[in-house]
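The next block holds one structure in the form of structure tokens; read it before the comments.
Where a number appears in this text, it was derived from the coordinates with a stated rule and is not lab data. Small disclaimer: the values here were computed from a predicted structure and weren't measured. Glycine gets a Cβ as well: all are built from the backbone with ideal geometry, and neighbour counts include every protein chain shown.
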Amino acid sequence: MRELRSIGKSAWRKDGIAKVTGAEQYASDVLLPRMWHARVVHSPYAHARIISIDTTAAEAMGAVCLTYDDVPKVRYNERIVSTPPHLYRDRQVLADKARHVGEAVAAVAAPTERAAELAARAIEIEYEVLETIVDPEAAMRPDAEPIHSSVLLGGTELPIDNNVAVNRTIEVGDIESGFARADHIFEREFHTSRIYHAQMETKSVVCRPEADGGITVWPTTQSIHNVRQLLGEIFSIPLHKVNVKRVAIGGTFGSSIQMNSVIPICTALALKARRPVRLVSTREEDIYDHTRYETRIRLKLGVTDDGKLVAGQMEALADIGAHNIQAFALLSVLAGWWVSLYELPAMRFHGTAVYTNKAPSCAMQGFGNPQATFATETLMDEIAEKLELDAIEFKLENYVGLGGTFWGQGPSVQSIVQSDGVPELLRVGSDKIGWQNRPDPGSQTGRYRRGIGMARGFHTSGAGAPKPGEVIDYSGALVKINEDGTVDVVHAMMDHGGGTLDAIAKIVAEELGVPVNCVGISPADTLTTVYDVVTHATRGVYAGGGAALKAARKAKAILLDYAARVLGIEVDALVIEPDEDLCQGVIHCPSVPERSITVGALAKLCQTNSWGSIAAVESLRQVNAPPAYVSYFIEVSVDTETGHIETRRVVVGADCGTVVNPAMAVGQLEGGLSKGTGYALVEDAQWDPETGQLASRGYWVDAKIPSISESPRLENIETYFADTYEPTGPYGAKGVGEAATNPCAAAYANALHNALGIRFRQLPITPELVLAKLRAQAGETLLGGQTAGPASAGSRGT
Amino acid sequence: MLSGFELDLPDTLVGVLDLIADGRGTPAVPLAGGTSLIVDMRARRTMPNAVVWLGKIPELRGIQVTQDHVRLGPCTTVSDILNSDELAGSGVSLVRAAEAFGGQMVRNAATVAGNIACNSPASDLVPPLMALDAEVILESRSGSRTVALDRYFTGYKEDVRRTDELITGISWKRQEESSVDLFHKLARRKGDAITVVGVAVNMAVSDGTCMRARIALGAVAPTVLRAKRAESMLEGETLTPGLIEAAARQATEEASPIDDVRASATYRRHGIQVLTARLLTQAWGRLT
Ligand SMILES: Cc1cc2nc3c(=O)[nH]c(=O)nc-3n(C[C@H](O)[C@H](O)[C@H](O)COP(=O)(O)OP(=O)(O)OC[C@H]3O[C@@H](n4cnc5c(N)ncnc54)[C@H](O)[C@@H]3O)c2cc1C
């Protein structure tokens, strides 16, 4: 293979200067003539019927008001990429019944944000408050108040019983005889928490009604095309009149994987007000908009004396909150991630997704994978300990690797693993951390106790498969060569900040043989791009980049045809190589050095001769979804007096195939560590069982995520990449983003076990939990546990 | 989102005192760094009609160290405290509290008077000041008075300050050579997090005897408070590990923590015990 010129080298981000200078345009920066501002009225109750809404006072203030009566009576699901048999629709633009605190029940638009706020406060709403259901087990009791009586599945009405949104059972092999072959059976229960995405940008949108009855929309989103299609459907506007523009997104972690609920509200207001309207969520509103799926997982694994897994069973209860966004898919992936971690000759999965009166759950970095991996990797560590096997050997013996079947995205999304860096990741990682020298679990007695833990995992690269699955997956791109030899890539994909579009530029540059500086990423909107499903499932480079590569190949073929004509050399003898000094690709034939032409000169010639544009548009469905493997080795130190956990060293390795942009890939690993640390140790979203309010009431002050101080020093974070090549990926690349966080929490739990001899099966692992478990281990209770005096008003700060 | 309010920016102390007395018909509320007041207004916990900003009066800000006293102007910011060389020698526990306080932006704006006057049991500057026996100077149009910080708070979000009074200074006696003052805070993360337990200790030792012991506790009762019975167990004594443990345990009895989103009462009690014993041990170790 020829030497790579762009891929594999760290490069500056194309949007870097705009971002650091503040010139970048996000949805909330879009300011239009005649534009008004919107505010939304949210339900203060977790579960309440709306009896009446009086907008008289607000209208008297000059505001345009929107209630349930004004919005199209269309039930929708904000995430439309599930195939129709699995598309559950249970919400409308504004609710007729509040199902969680913060649910949008009315909205206003006014000339200024302040006028809008005052008008919103002037709206009077009468509620009939219903029983609040916060606990998913309680939600399933026969006498529990129904949160939805029925929903639409595809096009048909589906009654909802016991607040169960969906059940799913998946079985492979004979589970009974599987467990019968086991010499040891381990069964444990895990609980993962319901954390907030905490993306930097709050969900925002600007909508402008057009004179022809169409609309132009600038939203916070991960998919402009899905927003377009859903707005077209809700508002009955033909798609050629719905233009959704790509603006930069200020991080997302999955929070805008669907069409955010503010988007149709703003659209309805703009249509009613007949002018552009801007709607920007406050942080407190945003916190009540979406969360990660909270799960309770009962995991059972059967293993033989010599450390071979023979059977597994997982029962999962997922608390989906007030709306079903992708509960069916969540159950599929919980099963899929789990069985793709380790070979299980016989397996059974049963999952139940339950409605509660909490903010709806949606995908968040790893979509079910952090949950499944936390349970599996913690239990695998325990099994290795109990059977006196080395955890690394035990995992290598059982993991799904080269030639194995990977079906992370669920049973219908299966493909064969063709690149596998797991042995290298584990070997290198264990050397770097000093795995062989870690202490014996629970052997230490001093105030500070040190431990090393390890967990591995992966994420899928996209949701492609040989046959259509339960999720739609394909991308498209237009590559055109400009008359000076530069290149425009027109691609609908979003870049969440991880550098996806930069990677796409590199792939195109590499294929065309031009310097990466010559490749520009065009602004994108839905009128001028072909469909891209959404930036999710760690598919940006693998699937989005794959589509760009396909289009670049075709454009290159056209280019070389013309070059052959001009140079008088056979097409197959020509190559294009970047000349950084000229800032051009140069087309030549190595054996005929005197004949060459720059891409720019050739493109100009095509124009002056009126031969036509050199451009190609292509669509690509990847027929594989290769796993991007990641391993974590974490060293912690625990202060046994306070329960505080210090992360001393982290060694994180990734197998993402060819590393397209090393600096950005390292950034993904460090970011994955930070988010994973938050999930494992810090972030703790408690919901008041009576009011259905967040204990933090939506304020950052008590919704803490890790800050830089919680991170180990940079010199104590070591990252590395396995040397692999994915044959189905663009230039051998797979994904990395979500993989980077998935095993993190389990690695912490295993490190804590190593330090303290205590297993943690519940997240987050707070100092308080550590202390309580330490005391239980020592057979004591915490000081004051018995003597706690009468609670008095007290330490609520601020 | 903020509602509307009137904002005055007087450039004299008298101007402020006039406005908070009755102003333009409604008494105005003092605004210093705004890191507490604006947050409360935005959350609609308080909705004053009129607000008066203290930031136009330079004399209200600064650290004065004389022969025997240290005096902080009310508008001295947490960053001022953190960057002060003088305090490093006469109130280092306050510098420790400033280090553990908020994030850089908040430290640049937040003031010491605001930290006291917002009346939060979790105010971080208060335990060290209380352990230093600091006094609060209150001024109004009708005169001025001095109140020991220890007597300033009367209950949860309640204090002795009348609404027409402004805090115009905080002062304490400079510490003798043979004394040590310490502060430590536990929170859900290292920076920019509300205190779960804060403990300040101030100790003077002479000839192997503890002459003065101050233990102030934050975030474990309706107000910051001193563990006076624990203190009196130590004064006049030669400290031993057993006595320190007992005093720390006594301190937990004097607190009345609650369960909240940040920690349980049980954890807080445990935190008082651990931090108090640790700081007393350190102080005693340094002085003997
Ligand atoms: C992100 C964040 C982090 C924070 N972290 C911490 C922390 O770690 N530790 C901590 O203790 N606090 C913290 N706080 C709370 C707050 O910053 C402090 O209490 C701060 O000291 C308040 O001072 P200020 O100058 O901003 O007061 P302001 O908000 O201006 O005023 C607070 C109150 O004091 C009154 N007031 C102000 N000056 C006077 C005066 N001279 N006389 C009489 N009354 C007066 C005001 O009327 C108001 O009622 C934090 C706040 C935020 C937003």
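Brief remarks follow.
- 10 Å Cβ neighbours from other chains, averaged over peptide A:640-646: 4
- Evaluated at q = 0.12, 0.17, 0.18 Å⁻¹: base-10 log I(q)/I(0), Debye formula over Cα of region A:199-326: -0.56, -0.88, -0.95
- Under 18 Å of direct C-alpha separation, and excluding same-chain neighbours fewer than eight residues apart, residue A:203 reaches these aspartates and glutamates: A:24, A:29, A:78, A:103, A:113, A:117, A:284, A:285, A:286, A:289, A:495.
- Helices that extend 30 Å or more along their long axis by alpha-carbon positions and average at least 0.5 on the Kyte-Doolittle scale are, among the DSSP H runs of chain A, A:545-567.
- Overall, region B:6-53 carries a charge dipole of about 300 debye about its Cα centre when +1 sits on the Cβ of Lys and Arg and -1 on the Cβ of Asp and Glu, all other atoms neutral.
- Distant-in-sequence amide contacts of residue B:29, defined by a placed amide H-H separation under 5 Å and a gap of 5 or more residues or a different chain, comprise B:50, B:51, B:52.
- Here the dipole of chain A is about 1200 debye; that uses its Cα centre as origin and unit charges on the Cβ of Lys and Arg (positive) and Asp and Glu (negative).
- Per-selection Rg to Rh, region A:26-184 - Cα, Kirkwood hydrodynamic radius: 1.14
- Under the criterion of Cα pairs below 8 Å and six or more residues apart, the relative contact order for region B:58-172 equals 27 percent.
- Quarter of the Cα convex hull surface for region B:95-153, i.e. its orientation-mean projected area (nm²): 4.5
- Among A:190, A:235, sorting on how many other beta-carbon atoms sit within 10 Å of each Cβ, with the fewest leading, yields A:235, A:190.
- Considering only B:213, B:223, B:284, and ranking their Cα positions along the charge dipole of region B:182-287 that arises from unit charges at the beta-carbon of Lys, Arg, Asp and Glu, the one farthest toward the positive end is B:223.
- Among B:37-43, B:141-147, A:691-697, A:98-104, sorting by the average number of other beta carbon atoms lying within 10 angstrom of each residue, highest first, gives A:98-104, A:691-697, B:37-43, B:141-147.
- Whole-angstrom Cα spans of chain A along principal axes, big to small: 91, 74, 49
- Charge dipole of region B:58-172 (Cα centre as origin; +1 on each Lys and Arg Cβ, -1 on each Asp and Glu Cβ, all else neutral): 260 debye, rounded to the nearest 20.
- Selection among B:25, B:127, B:250 by position relative to the dipole of chain B gives B:250 as farthest towards the positive end (Cβ unit charges, Cα centre).
- Computed log10 I(q)/I(0) for region B:182-287 at 0.16, 0.19, 0.24 Å⁻¹: -0.62, -0.84, -1.24, from the Debye equation with unit scatterers placed on every C-alpha and solvent omitted.
- Part-to-part distance (alpha-carbon centres) for region A:110-140 and region A:613-677, which is given in Å: 39
- Cβ-based charge dipole, the protein assembly as shown, positive-most Cα from B:198, B:82, A:202: A:202
- Using alpha carbons only: equivalent-ellipsoid semi-axes of region B:58-172, gyration tensor based, whole Å: 21, 16, 14
- Fraction of beta bridges assigned by DSSP in the protein assembly as shown that are antiparallel (%, nearest 5): 85
- Residue mean of other protein chain beta carbons inside 10 Å, B:189-195: 6
- Computed from the Cα positions only, the extents of region B:6-53 along the three principal axes stand at 30, 22, 13 Å, in decreasing order.
- Debye-sum result for region A:304-418 in log10 I(q)/I(0), which assumes one identical scatterer on each alpha carbon, at q = 0.09, 0.17, 0.23 Å⁻¹: -0.27, -0.85, -1.30
- Based on the reciprocal of the average 1/r between different C-alpha atoms, the Kirkwood radius for region A:549-614 equals 12.0 Å.
- Helical content alone sets the calculated 222 nm signal of the protein assembly as shown at -8000 deg cm²/dmol, taking -39,500 (n - 2.57) per DSSP H segment of four or more residues and averaging over every residue.
- Coil-residue trypsin sites (Lys or Arg not before Pro) of region A:139-197, DSSP, other Cβ within 10 Å capped at 10: none
- Comparing B:135, B:177, B:99 in a Gaussian network model of chain B (Cα springs below 10 Å), the most mobile by mean-square fluctuation is B:177.
- Test item: B:254-261 mean partner chain Cβ contacts at 10 Å: 6
- Peptides A:394-402, B:263-271, A:527-535 ranked from most to least packed, by the mean per-residue count of other Cβ atoms within 10 Å: B:263-271, A:527-535, A:394-402.
- Neighbour-count ranking [beta-carbon atoms within 10 angstrom, fewest first] of A:518, A:656: A:518, A:656
- With Rh defined as the Kirkwood radius, the inverse of the mean 1/r over Cα pairs, the Rg/Rh of chain B is 0.98.
- Sorted on the mean count of surrounding Cβ atoms within 10 Å across their residues, most packed first, peptides A:472-483, A:488-499 read A:488-499, A:472-483.
- Separation of alpha-carbon centers, region B:1-80 and region A:347-378, rounded to whole Å: 49
- Region A:511-565 versus region A:702-751: alpha-carbon centroid distance in Å: 28
- Relative contact order for chain A: 15 percent, from Cα pairs under 8 Å spaced at least 6 residues apart, divided by residue count.
- Site pair residue B:7 and residue A:709 shows an inter-label distance of 2.9 nm when each label is modelled 7 Å from Cα along Cα→Cβ.
- Chain B - percent relative contact order, Cα under 8 Å, separation 6 or more: 15
- Restricting the GluC sites (Glu not before Pro) of region A:506-613 to loop positions (DSSP other than H, G, I, E, B) with no more than 11 neighbouring Cβ atoms within 10 Å leaves A:570, A:580, A:594.
- Rg and Dmax of region A:418-551, based on Cα coordinates, read 21.6, 72 Å.
- Working note: Cα gyration tensor of region A:31-90, eigenvalues times five, square-rooted, sorted largest first, giving semi-axes of 29, 19, 11 Å.
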